[in-house]
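Some notes on the structure that comes next.
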Amino acid sequence: MPAMKKSFFATALLVFFLALLPACFGKENTSDAATAFKLTLPIDCTLGQNCFIMHYVDRDPSPAAVDFGCGRQTYNDHTGTDFAIPDERAMAAGVAVKAAAAGKVLRVRDGVPDRRVADETDKANVEGRECGNGVVIDHGNGWQTQYCHLRNGSVVVKPDTAVAAGTVLGMVGESGLASFPHVHLTVRYQNKVVDPFVGANAGPGCRVDRKPLWEQPLGYVPTGLVRSGFATEAPTMNAIWEGRFSETELSHNSPALIFWVQTYGVLQGDRQEFQLTAPDGKPFAVRKQDLAQPSRAWLSYVGKKASANQPLSPGVWRGEYRLIRNGKVLIDVKREVRMR
């Protein structure tokens, strides 16, 4: 009997430990899944050269908004990271949107027109289709990514197909609720939005422990240059996003010469300094200004109309721009145009 009791006790103990194993391994796998998932860039470009991050995830649960760097380059309830390109000329040439990680395509949508949203009427016209043309990918272990605002007619993947990290999904566009050409990347873990610059399971706000998801570290750049150039009339933001005023040669008989700069993430108190210099080295127009308000997207310029006293003489004209914050130069631009 004692031997039988020992055998029964040993068997019961073994069953008990075996029953615990799934729960233990389940917890370990969940923890690993939250930290092991990594992302590559969802766009075929070089950040800071031919593309930039316009908006980050909003980390403030209140009606206010804050990005992960405690800055304001986001807006209320923004659920993703906006990787933008300079203008619609670049969009027409084609910039690929790529899968940020391996997985299986769950859903796709195409056929939504590319049209920049400018007012409430435009917003109403895309209600229910705010993502525009898009792709959703399941990566397993509770992770999903969503890619929005792809160019109409460009989506090349189908549901239920496997994709590798870097697989082309379509092209950057302006479909859905988009006011500039970009791809909006939303990351979700267990159906909750995750800021890829912070990682899963972080609390709200910007002062949290960060475990970024990026395979290669991405810096925080809340202020930068989009594009700059010369025009013969006052530029508008709409014209700049269209890709106008990209010429490097203009007629000296033009009615005016304007040097313009488009930036993102300017703050109240930033100082901007312009100078437009004629071919003879003399200043044609100068402007220095402390900005009175912040702006996520900013367009500014300097220039003058041509006159008998100040003609637009043939030769190379030079435009210079600096954006200064707390004594530090954040943007330093030098451009030239030839007046023929």
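The values are calculated or read from the model by the stated rules, or taken from the named source; none is laboratory data. Fair warning: this is a prediction, and the values are worked out from it, not measured in the lab. Every residue, glycine as well, gets a Cβ built from its backbone with ideal geometry; the counts of neighbours run over all protein chains shown. What goes into the accessible areas is simple: the full protein's heavy atoms, side chains included, and nothing from ligands, DNA or RNA. Shrake-Rupley method; radii C 1.70, N 1.55, O 1.52, S 1.80 Å.
Amide H contacts for C51 (H built 1.01 Å from N in the peptide plane; partners 5 or more residues away or on another chain; cut-off under 5 Å): T46. Rg of the Cα atoms in segment 119-273, relative to 2.2 N^0.38 Å, amounts to 1.34. Couplings 3J(HN,Hα) for segment 109-124, derived from phi with the Karplus relation 6.51 cos²θ - 1.76 cosθ + 1.60 (θ = phi - 60°), are 9, 9, x, 8, x, 7, 7, 5, 7, 10, 8, 5, 5, 4, 4, 4 Hz, where x marks Gly and Pro. Legend: Rg and Dmax of the chain, from Cα coordinates, 26.4, 119 Å.
For the peptides 146-157, 230-241, what is the packing order when you average, over each peptide's residues, the other Cβ atoms within 10 Å and list the highest mean first?
Per-residue Cβ counts within 10 Å, averaged per peptide and sorted highest first, yield 146-157, 230-241.
In this structure, the amide hydrogen of A165, modeled 1.01 Å from its nitrogen in the peptide plane, lies closer than 5 angstrom to those of A102, counting only residues at least 5 positions away or on a different chain. Put simply, when 88-99, 162-173 are sorted by average Cβ atoms within 10 angstrom per residue, most first, you get 162-173, 88-99.
Which entries of K305/K328; K123/K192; K98/K328 have Cα-Cα distances beyond 30 Å here?
On the way: K305/K328 32 Å; K123/K192 25 Å; K98/K328 35 Å.
Distance filter (> 30 Å) returns K305/K328; K98/K328.
Candidates V266, L225, N238 compared by Cα position along the dipole of segment 217-297: farthest toward the positive end lies V266, with charges placed on Cβ.
Tally up the carbon and sulfur contribution to the accessible surface of segment 85-166 as a whole percent, 1.4 Å probe, everything protein left in place.
Values: 1820 of 3960 Å².
Reported share for carbon and sulfur atoms: 46 percent.
Taken one residue at a time, the phi angles of segment 161-171 give Karplus couplings (6.51, -1.76, 1.60, θ = phi - 60°) of 9, 7, 10, 9, 4, x, 4, 6, 9, x, 10 Hz. Gly and Pro are set to x. Straight-line reach from K304: taking Cα to Cα under 19 Å and skipping same-chain neighbours fewer than 8 places apart, the aspartates and glutamates in range are E233, E247, E249, E273, D280, E320, E336. Summarising the amide proton neighbourhood of A285: residues at separation of 5 or more, or on other chains, whose placed amide H is nearer than 5 Å comprise L276.
Here the Karplus relation 6.51 cos²θ - 1.76 cosθ + 1.60, evaluated at θ = phi - 60°, turns the backbone of segment 257-270 into coupling constants of 10, 10, 9, 10, 9, 10, 10, 9, x, 7, 10, 4, x, 4 Hz, with x for every Gly and Pro. Taking Cα centre as origin and charging only the Cβ of basic (Lys, Arg, +1) and acidic (Asp, Glu, -1) residues, the dipole magnitude of segment 93-243 rounds to 480 debye.
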